[in-house]
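Reviewing the structure listed below.
The values are calculated or read from the model by the stated rules, or taken from the named source; none is laboratory data. The shown structure was predicted, so the numbers you read here are calculated from the model rather than taken from an experiment. Glycine gets a Cβ as well: all are built from the backbone with ideal geometry, and neighbour counts include every protein chain shown. Accessible surface areas use protein heavy atoms only, side chains included; no ligands, DNA or RNA. Shrake-Rupley method; radii C 1.70, N 1.55, O 1.52, S 1.80 Å.
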Amino acid sequence: MEILALIVLTMGTALSLRWKRLGVIAGIASILLVLRFEPLLLIVTLIALMNLISLDLIGRKYGTVFALPALMLIATVHAFYTSDLPSLIVCFIVASVPTYALVLISEDLRTKTAIKYVTFMVTATILFVLGLILIYENFKLIGSFLLLTGLALEVGIAPLHEWVPDVFSEADPISASIIASLAKFVPFLIAFRVLGGEMDFLSLTFLIALAVISMFVGNIGGLTSNEPSRILAYSTIANMGYVISALAVNPLSLPVAFAGAFIQLLANSVGKVGFFTAIKGGANRLLSFILSFSMIGVPPLLGFWGKFFIATSLLKSNLTFLAIILVVNSVMSVPYYVRLARFFDRGRSALASAVVGVCVLISLTIYPNPIYYSCLSVWR
Amino acid sequence: MIWLILFLSPVIFSLPTVIAWTYRRNLSISSVVGLLISLAVTIYLYRMPEGFYTIPWLPSLGIEFRFVLDYLSKNMGVLTALIAFLIGIYSLEYMREDYRIGWYWFFFNLFTASMLLVVYSDNLLGLLIGWEGLGLASWALIGHWFRDDDELSYVGVLGRKVGPLKMFWSPSFAGWRAISTIRIGDMPMFLGIALIFALAGNLNVSQIDWNAVFTKIGLIGTTFLMISILMGPFTKSAQLPFSEWLMTAMTGPTTVSALLHSATMVAAGAYLFMRLSWYIQPWNYHELEPVYVFVLFLGLFSSLYGAIVALGCRERKVLLASSTLSSLGIMFAVTSLSYWVGKIAIVIAFIYLIVHAFAKATLFLVAGHLIHATHNRFCCGNLELTKRMKLAFLATVLSTLCLSGIPPFTAYWVKSGMDAILHEVSHHLGQTPMIIFVLIALTYSAFLAKFLSLNFLKGERAKLHLHGERLMPTSYTIMVLTLLPLAYVLYLKFFREGLETSSILVGILVTLTYVVGIVKPTHESKIGQALGDRLYLMALNDLIVPKVGWFFALLSYYFDRAVDLFTHSSIPEMFEELSKAVRRIQSGVLTRYVRIVIGIVFAIILIAGWFEWRF
Amino acid sequence: MIELFIPVIALILAPIFRVRGHWITFVAYVATSAIVFFRIVSGEVYYLKIAKLPDPIGYIYLFGDSVSHIFGFTIALVSALVALYSHPYMSHRFEEMGLSSKEFGRYWVLYNSYTYSMLLLVYSGNLLLLYTFLEISLVTSFLLIHYYGYGNRRWVSMLYFVWTHVAGVLALLGFILIGFENNTLLIPLLKSIPTLAWLLVFLGMIVKLPGLGFHIWLPYAHAEAPTPVSALLSPLTVGLAGYILLRLYEIDPSFILSHRTAIFIYGFLTSFVAGLLVFRQKDLKRLLAYSTVSQMGYILMAICLGTYGVFGVIVQYVSHAFGKAILFMSAGSIIAVYGLRNLDDMGGLHEQIPQIANASLIGFMNLSGVLTVGLLGEFFILRGVLEVFGLGRMAILVVLVFILSGLYSFYTMKNVFYGKPKGYEVKRVPKCLTVPLFVIGVLSIALLFYADPIVKAMMGVVR
């Protein structure tokens, strides 16, 4: 299926140089081809679709760009169903490289930003892959350290987060939205697969340190930021902190932690897509408040379930202090999310409004069972 | 059912006035009809056999509205309803031009209903409802003229100051003073009631096993319990040092003062003490001795204080108010004698309450009429006034004679009874109570004579504004005339005590002071001034307690500000600074980022590698 | 069961009708409260399963027993009357803010979700569901303050959100720990509560309730909220913290029992200090907010006082809800009619607005427990303190607090409504600004004499 999707995608992209629309259609078609009836993946697919559609807001002539989210999605979906090392590495790279191009297509971009981004990503990829290989070669400790460092660089976990605020605020909002959403799944998936529940004390300490620093840096940094895109950057840093903290649990509660982490990632992605689209095309105030509440973690919205399951798994692993830090951070984030929601007043374009609307709908997941159990089944 | 009519009819019949008084002012009559119905019911109850009647209220806790018909409640009920009804008639005329008739009638009738509830209730919680109703209604009525714009409604000389004390009080302030003082007594009383419920599991005064209660908590506990319950009566009946509110309560309409000072409110305190003593039967319990001695002396001192303050007062109503205080002190003192002499003390005190109620209501109503006629709160009026207001004069003469204890008028017989039991008690307590009592009696008759003299005989000339009032004189005449049959009844009851030499001696002395009071009503002196300023007891209410309260409020305020600053200023600022620090990393320069990242990555690799290969 | 779904009608229809939405809301909540009152009398207990969530959450379901009914009755009733009151008040507020009456659409959405979430909170059979409704009520009230508040409404609403969110998440952690201990979060199945969980929930709840020191957010939020929202926040929402403590206390009182004296003293200090602070307030709504803190101190004290204390918590919640709803609404009426908030500008207002003055009197009677159902609340608290601490210092502390609340009540009455009138011209007050106040007032007096269903219901629960 994935092969077929790739073929469709290649064909469509090649032809889209002439007919822009064809690129969109090919992208959508290939995305639909890899559709799996697994709630978790369905939502990921939905996010990819929204990414793809919202690219239209950038208003570039070429249809080629529409292939990029589709490609990333294919890699992401594939990663969920594979476990051998080379495939994982390929997926990782395929899910990450298209973002370079996405950063480059942004309007009125200073090339510096793109260079910054690419520099970091390349370093991250190298460290990540190196770590992966070392772990497979049974150098567990250094391997996991390198893997975590690569992960931190890749997704933007403090103190290796330096690129995030710059890129998010200088790149086009839509590109940023893709970087903040679709690109995050594969690295965490691999990290969970490889490291989950098997870390020794030292790397666990390192991991927890990363998580705590990231949460605090993200939330504190967001407090005084004034641009919406910078706020979103810091919010991403904080969210990555929440997600990575789920890695610290003991093997017994790992499935719950995995579910929590991925629901949190979904919530984060949906929020980011919604907000970045809103920056580009405006959004209704009430809708943006709902997105904000989801990000803050107000029950029974999606963002709450993520934090809830993470906190549950942490408490179950006797990491009470980490759970407390997590909820305290979710409180600290309140002011800037509310400020963020206030930036928006009403939608300016129909497309943007539709995207934001879908994001709000997903955020309004008040019944977590399907996603939760699908996370568990994916984990097994 | 009969009980519901008794309590609800005044309140319900006042509602038309409340709703429609702005455009139909003659609706006040319906309120008086409500009072009349209550009066009829109380008379009906008077003829019923003694016993208990219950209405379910909180059956799951064993609390019910339980009403008692006995000697005390039967008489007290009729007394309350009768006086309220007569004052109601008087008010029809007195309050005709008022700007808040609805308010007046509602609370006047609520007042009566609450008092009746207190009178008949056997259950302490039910009684407390009436009790709180009394407090609320008195607050409402004392502050009735809330606008504070009429000099006639103030107490004290406007603008006068003594040191830091303002010596004049407006109605709204007086209302607050009343309810705040009463509140201080009500809550300990509430605690006492809860304690009784905890100990006895029952709140019916007549059913409580007092013996079990007292033995369970011992001497100290009993004292605590009794004092906390009696805090209610003390504040309500304005015993020392809670007397001030009663004086400034004169800001209310005179009808209110009349009601307040005769059969309701202040009498409720004394009445409750009588009722409790009636059923506790203190003569059976040694634990109660400290309490009863305390009440005896508190009553006597309050009474003495009231009497000498009345000597110095120049305002008609304040003079009468302090005389009420004096009488209430006597009631408390005599009731407390029941510890030594038994039930007879309660009966005597209760009879004195009835006599006092009629006489004092008459005097207040007369005072109200005088204020109405002279537009002056202070004592004034001479023979010319007497000629124009004969009925008022006669009523005053009769009621002062009856109240001060001049033989053979009403109070003389009661006071003879008191003399007799005080004599009996002197074996236990010495002669002090007796001496204080005689002093009080002498002073009492002196200031009543002063009141008579300054208003009708020897006062300054007053300008009269008579409007041909009918209802007002009628009602106080009826009231004062009830004292005469009462005198006969009491003569029959106490003639033996009344013919004792000592009683006659006291009677003669009282008559003498009465005559002196009439002949020479005024005497300017420093002491008189201090007495007129009520010995500056208001410093407690207006200066010391508020100062202490404000001091603590200020402390709380500083605490509040500190917390506010810390949480809403310091903490957010700290986070802001932190946030700026975090954002300072974002310089936008790639080389600097790379340096940071490479530094961190190398450090991590070194640490990891060292740990990996060390072992 | 049906009564829990009547408000849904209002939730859907009221925003559609916009300006006339208050009637629908009113009717829906009156119907609810009437049915709930019958449930109190009949003492019915029922369950409604909704869904099963992964362990340790367990079944999400609604659950009604006597305690829920009593709280639910209060919430529904106050919501109904405040809805009626909202109409003239918010018209005035929208006019003042330059908004059109179309704004009522949004207002009714938020209002109804706010009240409905509070109603469902007391019927939640699962701690997670309870937490969910706690947060929904927080968020909706936050938005109401944010959109329609006074003063620095953005800052204030943020303040409110942050503080109460802290309360919420601390409680959530506690709930999760409880879930592990019992392997379920179903309230009737819970057996024991670990100390750490109790501590977390308790901390959260004293932020929300609030206790002394944590009370600092409340005057801001309650004073700057649009008045109908204040009239829900202060009577209903903060007291729900008491409800949560009560529920946990029923399951496992260990924590409260072992720290009884400390909590009691803390409750006393809360009540006493806040009571003193009332005297220093110049803004009427802020004054009322401090009195709320003082009254919540009662709840904190009462929770330590055994069976009768539990009764005290419940009755105190009801009486405070009624009283404070009346008072906030009357303060709002003064704002709507004369635009006055500062006590210095008031005095003698009985001259112009006697109806509101009289309603306030009933409100303050509720607070000080005179002739209203508050009398029973005080009675139970006194009874409780005697039972637990015996005769002595603690009992005197309670008496002190009761005296204080009586004092500030009538002191405020004097300062606002009596004294020399200030010469404002007499204006017509819309019926909806006064009638709801009297309805609540009459009910609170009637409940004193018809309190047996409530007492019986409470007896049933405690046994």
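Could you tell me whether C:LEU443 is over 30 Å from C:VAL45 (Cβ atoms), open to solvent by 50 Å² or more (accessible area, probe 1.4 Å) and assigned to a helix (DSSP H, G or I)? So C:LEU443 does not fit the description; no. Listed here are the helices (runs of 4 or more DSSP H) enclosed by the range B:513-615 that have at least 3 residues being free of Cβ contacts under 8 Å to residues at least 12 places away in the same chain: B:545-565, B:571-584, B:590-614.
Since A:ILE362 meets every condition but one in (1) open to solvent by less than 20 Å² (accessible area, probe 1.4 Å); (2) within 19 Å of the chain's Cα centre (by Cα); (3) within 13 Å of chain C (Cβ to nearest Cβ), which condition does it not meet? If we test A:ILE362 against (1) open to solvent by less than 20 Å² (accessible area, probe 1.4 Å); (2) within 19 Å of the chain's Cα centre (by Cα); (3) within 13 Å of chain C (Cβ to nearest Cβ), just (3) comes out false.
Each row is one residue, and each column tells you yes or no for (1) more than 14 Å from every other protein chain (Cβ to nearest Cβ); (2) open to solvent by 10 Å² or more (accessible area, probe 1.4 Å); (3) farther than 30 Å from A:LEU22 by Cβ; (4) assigned to a helix (DSSP H, G or I).
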residue	(1), (2), (3), (4)
A:THR76	yes, no, no, yes
A:LEU88	yes, no, yes, yes
A:THR119	no, yes, yes, yes
A:ALA124	no, no, yes, yes
A:LEU130	no, yes, yes, yes
A:GLY143	no, no, yes, yes
A:PRO159	no, yes, yes, no
A:ALA176	yes, no, no, yes
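Checking the conditions here, which among A:GLY306, A:GLY274, A:GLY260, A:GLY222 is open to solvent by less than 10 Å² (accessible area, probe 1.4 Å), assigned to a helix (DSSP H, G or I), out of contact with any Leu (no Cβ under 8 Å at 6 or more places or on another chain) and farther than 18 Å from A:ASP166 by Cα?
On the way: A:GLY306 fails: out of contact with any Leu (no Cβ under 8 Å at 6 or more places or on another chain); A:GLY274 fails: out of contact with any Leu (no Cβ under 8 Å at 6 or more places or on another chain); A:GLY222 fails: farther than 18 Å from A:ASP166 by Cα.
So the residue among A:GLY306, A:GLY274, A:GLY260, A:GLY222 that is open to solvent by less than 10 Å² (accessible area, probe 1.4 Å), assigned to a helix (DSSP H, G or I), out of contact with any Leu (no Cβ under 8 Å at 6 or more places or on another chain) and farther than 18 Å from A:ASP166 by Cα is A:GLY260.
State yes or no: is B:MET167 of a type in the set (A, V, I, L, M), touching a Gly at 6+ places or on another chain (Cβ under 7 Å) and more than 14 Å from chain C (Cβ to nearest Cβ)? Yes, satisfied.
Scanning the range C:233-281 for residues being charged (D, E, K, R) and more than 27 Å from C:GLU181 (Cα to Cα) gives a total of 1. Among the numbered criteria (1) among the aromatic types (Phe, Trp, Tyr); (2) under 21 Å from B:GLY102 (Cα atoms); (3) part of a loop (DSSP other than H, G, I, E, B), which one does C:TYR424 miss? Among (1) among the aromatic types (Phe, Trp, Tyr); (2) under 21 Å from B:GLY102 (Cα atoms); (3) part of a loop (DSSP other than H, G, I, E, B), the lone unmet condition for C:TYR424 is (2).
Considering the range A:132-141, and only residues there that are surrounded by fewer than 19 Cβ atoms within 10 Å (Cβ to Cβ) and more than 9 Å from chain B (Cβ to nearest Cβ), the residue that is modelled with the lowest pLDDT turns out to be A:ASN138.
Taken together, the residues in the range A:277-292 that are open to solvent by 10 Å² or more (accessible area, probe 1.4 Å) and either at the interface with chain C (Cβ under 10 Å from one of its Cβ atoms) or touching a Lys or Arg at 6+ places or on another chain (Cβ under 6 Å) (or both) amount to 4. Checking the structure you have, find out if any residue of the range A:163-174 is in a helix (DSSP H, G or I), within 20 Å of A:LEU302 (Cβ to Cβ) and more than 9 Å from chain B (Cβ to nearest Cβ). Within the range A:163-174, none of the residues are in a helix (DSSP H, G or I), within 20 Å of A:LEU302 (Cβ to Cβ) and more than 9 Å from chain B (Cβ to nearest Cβ).
If you go through the range A:277-289 and keep only what is of a type in the set (Gly, Ala, Ser) and either touching a Gly at 6+ places or on another chain (Cβ under 7 Å) or outside any helix (DSSP H, G or I) (or both), you end up with A:GLY281, A:GLY282, A:ALA283. Residue check: C:GLY406 meets all listed conditions (1) in contact (Cβ under 8 Å) with a residue 12 or more places away in the chain; (2) not in a helix (DSSP H, G or I) but one, namely (2).
Close Cβ contacts (under 7 Å, 6 or more residues apart or on different chains) running from residues in the range C:51-62 that are without any contact (Cβ under 8 Å) to a residue 12 or more places away in the chain and at negative phi to residues that are of a type in the set (A, V, I, L, M) and in a strand (DSSP E or B) comprise C:ALA51/C:ILE60.
Residue by residue, here is whether (1) touching a residue at least 24 places away in the same chain (Cβ under 8 Å); (2) hydrophobic (A, V, I, L, M, F, W, C); (3) open to solvent by 10 Å² or more (accessible area, probe 1.4 Å) holds:
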| position | (1), (2), (3) |
| --- | --- |
| B:LEU328 | yes, yes, no |
| B:MET331 | yes, yes, no |
| B:VAL341 | yes, yes, yes |
| B:ILE348 | yes, yes, no |
| B:HIS356 | yes, no, no |
| B:THR362 | yes, no, no |
| B:LEU365 | yes, yes, no |
| B:GLY368 | yes, no, no |
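Scanning the range B:112-163 for residues that are of a type in the set (Lys, Arg) and either within 10 Å of another protein chain (Cβ to nearest Cβ) or crowded, with 24+ Cβ neighbours inside 10 Å (or both) yields a total of 1.
Quick test for you: out of C:PHE410, C:PHE402, C:PHE449, C:PHE417, pick the one residue that is open to solvent by 60 Å² or more (accessible area, probe 1.4 Å), of a type in the set (Phe, Trp, Tyr) and either at the interface with another protein chain (Cβ under 8 Å from one of its Cβ atoms) or under 24 Å from the mean Cα position of the chain (by Cα) (or both). Give the steps one after another, and end with the answer.
Numbers: C:PHE410 fails: open to solvent by 60 Å² or more (accessible area, probe 1.4 Å); C:PHE402 fails: open to solvent by 60 Å² or more (accessible area, probe 1.4 Å); C:PHE417 fails: open to solvent by 60 Å² or more (accessible area, probe 1.4 Å).
Just one listed residue meets the conditions, C:PHE449.
Of the residues B:LEU537, B:LEU554, B:LEU565, only one is more than 10 Å from chain C (Cβ to nearest Cβ) and among the aliphatic types (A, V, I, L, M); which?
Of the residues listed, the single one that is more than 10 Å from chain C (Cβ to nearest Cβ) and among the aliphatic types (A, V, I, L, M) is B:LEU537.
Counting only residues that are under 20 Å from A:SER87 (Cβ atoms) and under 18 Å from the mean Cα position of the chain (by Cα), the range A:32-67 holds 5 of them.
Filter the helices (runs of 4 or more DSSP H) completely within the range B:333-414 down to those with at least 1 residues that are within 27 Å of the chain's Cα centre (by Cα).
Working: elements: B:338-341, B:343-374, B:383-388, B:390-404.
Passing ranges, in order: B:338-341, B:343-374, B:390-404.
Reported count of residues in the range A:218-237, each being more than 11 Å from chain B (Cβ to nearest Cβ), among the small types (Gly, Ala, Ser) and under 18 Å from A:GLY306 (Cα atoms), is 1. Could you tell me whether B:LEU117 is over 15 Å from B:LYS236 (Cα atoms), in a helix (DSSP H, G or I) and under 17 Å from the mean Cα position of the chain (by Cα)? Yes: the conditions hold for B:LEU117.
Check C:ILE314, C:ILE326, C:ILE356, C:ILE362 and return the single one that is open to solvent by 10 Å² or more (accessible area, probe 1.4 Å) and not in a loop (DSSP other than H, G, I, E, B). Explain how you work it out, then say what you get.
Details: C:ILE314 fails: open to solvent by 10 Å² or more (accessible area, probe 1.4 Å); C:ILE326 fails: open to solvent by 10 Å² or more (accessible area, probe 1.4 Å); C:ILE356 fails: open to solvent by 10 Å² or more (accessible area, probe 1.4 Å).
The conditions single out C:ILE362.
If you go through the range B:468-506 and pick out every residue that is in a loop (DSSP other than H, G, I, E, B) and closer than 13 Å to B:VAL366 by Cβ, you end up with 1.
For every residue, the table says whether it meets (1) within 14 Å of chain A (Cβ to nearest Cβ); (2) within 24 Å of C:LYS431 (Cβ to Cβ); (3) crowded, with 18+ Cβ neighbours inside 10 Å.
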position: C:VAL45; (1), (2), (3): no, no, no
position: C:ILE50; (1), (2), (3): yes, no, no
position: C:ILE70; (1), (2), (3): no, no, yes
position: C:SER79; (1), (2), (3): no, yes, yes
position: C:HIS87; (1), (2), (3): no, yes, yes
position: C:LEU99; (1), (2), (3): yes, yes, no
position: C:LEU110; (1), (2), (3): yes, no, yes
position: C:SER113; (1), (2), (3): yes, no, yes
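The single condition from (1) at pLDDT below 90; (2) more than 16 Å from B:HIS356 (Cα to Cα); (3) open to solvent by less than 10 Å² (accessible area, probe 1.4 Å) that B:GLU289 fails is (3).
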